[in-house]
């Protein structure tokens, strides 16, 4: 057992023990407290030698390997990692990253009451495997993957070929059933069928490609390669890439896989409104003379025409025939993607970035020899493990979330201050990197924190309301590729929304029977009411000064508790500590 | 690193008094998607690549597209740079490069035009309470290593700033802010990185904005109807009018977005509807600025991420092309009525000295009185010359 594992053991057990003491000591004398403390301390020293035996720590070999490899990086760069984050901080993190919202007070309390040695593993297992959380887990990953596959705005445009609901329905079903990732990749790349839910032959997976086939499927080529293989190729459409090994020929050879595919529009009778789109395969006659050898042409910068047939990025060629009876080109591509080593590494990199704030490469979708990974061995190892564990996303999540780097505090120390990827350094993961909640996370968090989610509405209605709210932040760039950006990025428009927006007005409403009014009129003492809000928003208790400030607000509101709670809640929700995942 | 930064600080202070009097600003008209400059500013009649439009004469010594009759009367104020030659023909990369003067770099986020200009000229606009870099209807590129405080403030073309109204009185707002600042500052004392500190700065700017009377500048509907009509009723026209109001209020940099130039198919019918809208808005802006005596101190830059292929493709469209294309500059004291540089007969090659994004940016800085000796220090400690060390395009200032 290496030094790093011992470090983990001491760290994860240190603060839980303190909490155990606080809970059990209530009716005991200070002397008893001292004795228990000593015993626990001795226990913890003894246990460091058997770290691997302890449940929730290192019974999982993949977690141990992550810890070992990351620790090696700290050694190499002479970094001292930050302390382990408080358990409540970690809990807030896990809820945000796994199911897309902060924990409720009840959930936080249950976690804190659980046995310190087991609580982390238990929470991860609950969020991943308990039926109670299936819907929220699926919703969170559907949101993330919808944005990856069709963008924040995909399907919202007029006369779009993409059906956003259809895309989300496919993803929701897949994540709820924990479909293996390789199966999802095959389905998304090779999908045929109708894009709109409720229609005959509906297959939501077609929405990934439905809008990317115009202009000879260049967008389908670029995005399939980028999302599933982690390679950026869009520049090589027109010329050899100056910085990486990609050549123009490779782009068009990959492009050839999409040439049997068409998106057929079906219109509402008597109008130009698209009723639905059907993604279908058909024989590709080629741009030359015969479908037997269906080729396509592309133009070099000097004007010369070159010919291309379907060849995968690793050089594997499939037959040149364009006839479907000979070959289904997209299905061949999907299988080549899944069996390549790039695919598991690309998803590992993406998931790592989701949980740790930075991937092993920056950006995550530009991998290759030109862009060395920060931890290449670990990336390769996790890719292999992911494949040999049936491409199970929940497994991968568990390994990452239970690892040491994910457990660390975001508070830096003198000896890891320079581990800052914002300064252009490769990440060493010696502390947790702050990041802002996504707009969707804020939305769901406010809903849950103010218990507005208990108002029963259909799933579809809830999603439509959220989608309308989210649209205010989207800015399209006016290109054919539908690229876009968001104003929910820590700038003034976001701050204004949080100061005054309708979502915030609802969250801080003083309405009778509402969240704040219910707390205000409860039997809790004023101090408890303030504490309640701090735990609901920040997963911690208020400091003495913060209680003082709350009391001042109470005085300023002339004893109107609901009004004072409105002010406190407004301050909490507008703080950096709330909006930043830390 | 300290020395260059100090030099730059001194240079700004030395010019401050001068700049204050001059009150310089810039308006960028951003043509998202990559406009077909071979059909707009540098026509090739008779060439196989020439397309279907005819050139017309203008008030300057330059011919432009027949669908720009309003601009044709204003070209004595404008210079067409016909020898732009760049390398980035992907939207994202081109947008970044043309906005920053740098090609995308994994390790450094460079600040865009607006952030640089706002940062440099903010000292001359100490009374300004609204953000110094406003984008109208578009996304621009971020502030990079200058920090979120210099991020573009995005509004829709009708000047609507969302979520400004607050239903509590200002005393209560300030009391809330006091409670908020307590959480904010204690979090920021815990060494968790820059995101929390940037957040704190944005809170203060937001509070200032919310309570500012200068917000009136965004009320574009308060303009007399005749003025509104002169700019046209489309989003771009309204955006240009808003830009003029903001410049008048002292905003150093406004970017107005007009998208939809990514014309891979059926380019000519598309341009026949787009160009008149652009022409009216841009023409009205030049006229309006001149009538108000603002043109001499307001640089106008018209550009997109690249041009489009001289060759017309199988869908009667043009694809991405960065090797030979045009941008337009005017106002701010630059020389108008001229075409700078030349392309060959079919527009596929620049025949004269090629100019880059850096050169254009350096020239705009020159027009705004910003010292080209300015050096920033990026977040990884590298010195970054303003405009990436581009050379001023001499013809603009001769």
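The values are calculated or read from the model by the stated rules, or taken from the named source; none is laboratory data. Not measured: the values here are computed from a predicted model. Don't worry about glycine lacking a Cβ; one is built from the backbone with ideal geometry, like all the others, and counts go over all protein chains shown.
The residue list B:91, B:67 contains one member that is assigned by TED's automatic domain parsing to the domain that holds residue B:154, modelled with pLDDT under 95, closer than 23 Å to residue B:320 by Cα and crowded, with 19+ Cβ neighbours inside 10 Å, which is B:91. One residue is enough: does the range A:489-501 have a residue meeting the conditions at the interface with chain B (Cβ under 9 Å from one of its Cβ atoms), more than 24 Å from the chain's Cα centre (by Cα) and assigned to a loop (DSSP other than H, G, I, E, B)? Checked the range A:489-501: at least one residue is at the interface with chain B (Cβ under 9 Å from one of its Cβ atoms), more than 24 Å from the chain's Cα centre (by Cα) and assigned to a loop (DSSP other than H, G, I, E, B).
One line per residue, one yes/no per condition, for (1) in contact (Cβ under 8 Å) with a residue 24 or more places away in the chain; (2) at the interface with chain A (Cβ under 7 Å from one of its Cβ atoms); (3) closer than 30 Å to residue B:382 by Cβ:
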position	(1), (2), (3)
B:141	yes, no, yes
B:145	yes, no, yes
B:151	yes, yes, yes
B:155	yes, no, no
B:158	yes, no, no
B:169	no, no, no
B:182	no, yes, no
B:185	no, no, no
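Is it the case that residue B:316 is in contact (Cβ under 8 Å) with a residue 24 or more places away in the chain and in contact with a strand residue (DSSP E or B) (Cβ under 9 Å, 6 or more places away or on another chain)? It is false that residue B:316 is in contact (Cβ under 8 Å) with a residue 24 or more places away in the chain and in contact with a strand residue (DSSP E or B) (Cβ under 9 Å, 6 or more places away or on another chain).
Matching residues to (1) under 29 Å from residue B:195 (Cα atoms); (2) surrounded by 20 or more Cβ atoms within 10 Å (Cβ to Cβ); (3) at the interface with chain B (Cβ under 8 Å from one of its Cβ atoms):
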| residue | (1), (2), (3) |
| --- | --- |
| A:469 | yes, no, no |
| A:506 | yes, no, no |
| A:524 | no, no, no |
| A:530 | yes, yes, no |
| A:566 | yes, yes, no |
| A:569 | yes, yes, no |
| A:576 | yes, yes, yes |
| A:579 | yes, yes, yes |
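The residue of the range A:252-265 that is surrounded by the most Cβ atoms within 10 Å (Cβ to Cβ), among those that are in contact with a strand residue (DSSP E or B) (Cβ under 8 Å, 6 or more places away or on another chain) and in a helix (DSSP H, G or I), is A:256. A residue that is surrounded by fewer than 16 Cβ atoms within 10 Å (Cβ to Cβ), more than 11 Å from chain A (Cβ to nearest Cβ) and at pLDDT 95 or above occurs nowhere in the range B:232-239. Considering the range A:203-222, the residues that are within 14 Å of another protein chain (Cβ to nearest Cβ) and within 18 Å of residue A:248 (Cβ to Cβ) include one that is surrounded by the fewest Cβ atoms within 10 Å (Cβ to Cβ), namely A:215. Based on this model, can you work out whether residue B:163 counts as facing chain A (nearest Cβ under 7 Å), assigned to a loop (DSSP other than H, G, I, E, B) and surrounded by 20 or more Cβ atoms within 10 Å (Cβ to Cβ)? Criteria met by residue B:163.
Among residues that are surrounded by fewer than 22 Cβ atoms within 10 Å (Cβ to Cβ) and at negative phi, residue A:180 is included. Return the total of residues in the range A:117-151 being closer than 24 Å to residue A:407 by Cβ and at pLDDT below 95. So the answer is 2.
Of everything in the range B:187-215, what is at the interface with chain A (Cβ under 7 Å from one of its Cβ atoms) and not in a helix (DSSP H, G or I)? Give them in sequence order. B:190, B:191, B:192, B:193, listed by residue number. Hey, does the range B:381-391 have a residue that's in contact with a helix residue (DSSP H, G or I) (Cβ under 6 Å, 6 or more places away or on another chain), more than 14 Å from every other protein chain (Cβ to nearest Cβ), farther than 30 Å from residue A:422 by Cβ and buried (at least 19 other Cβ atoms within 10 Å of the Cβ)? Within the range B:381-391, not a single residue is in contact with a helix residue (DSSP H, G or I) (Cβ under 6 Å, 6 or more places away or on another chain), more than 14 Å from every other protein chain (Cβ to nearest Cβ), farther than 30 Å from residue A:422 by Cβ and buried (at least 19 other Cβ atoms within 10 Å of the Cβ). Residue under question is residue B:258, and the condition is that it be within 14 Å of another protein chain (Cβ to nearest Cβ) and closer than 23 Å to residue B:366 by Cα; does it hold? It is false that residue B:258 is within 14 Å of another protein chain (Cβ to nearest Cβ) and closer than 23 Å to residue B:366 by Cα. Using the structure shown, decide if residue B:129 is out of contact with any strand residue (DSSP E or B) (no Cβ under 9 Å at 6 or more places or on another chain), farther than 30 Å from residue A:549 by Cβ and more than 10 Å from chain A (Cβ to nearest Cβ). No; evaluated as a whole, the condition is false for this residue. Of everything listed in (1) farther than 24 Å from residue A:273 by Cβ; (2) modelled with pLDDT of 95 or more, the single unmet condition for residue A:167 is (1).
Residues of the range A:542-561 that are away from chain B (no Cβ under 13 Å) and either in a helix (DSSP H, G or I) or at pLDDT 95 or above (or both): A:561 alone. Restricting B:159, B:139 to those that are farther than 23 Å from residue A:575 by Cα and out of contact with any strand residue (DSSP E or B) (no Cβ under 7 Å at 6 or more places or on another chain) reduces the list to B:159. Scanning the range B:100-123 for residues that are surrounded by fewer than 24 Cβ atoms within 10 Å (Cβ to Cβ) and more than 14 Å from chain A (Cβ to nearest Cβ) returns B:122, B:123.
Annotation note: Cβ proximity below 7 Å between a residue of the range B:228-241 that is at positive phi and a residue that is surrounded by 24 or more Cβ atoms within 10 Å (Cβ to Cβ) (sequence gap 6+ or interchain) occurs for B:232/B:281. Each residue in the range A:443-462 was checked for being over 25 Å from residue A:491 (Cα atoms) and within 22 Å of the chain's Cα centre (by Cα), and 4 of them qualify. Of all residues in the range B:136-146, those that are at pLDDT 90 or above and part of a loop (DSSP other than H, G, I, E, B) total 3.
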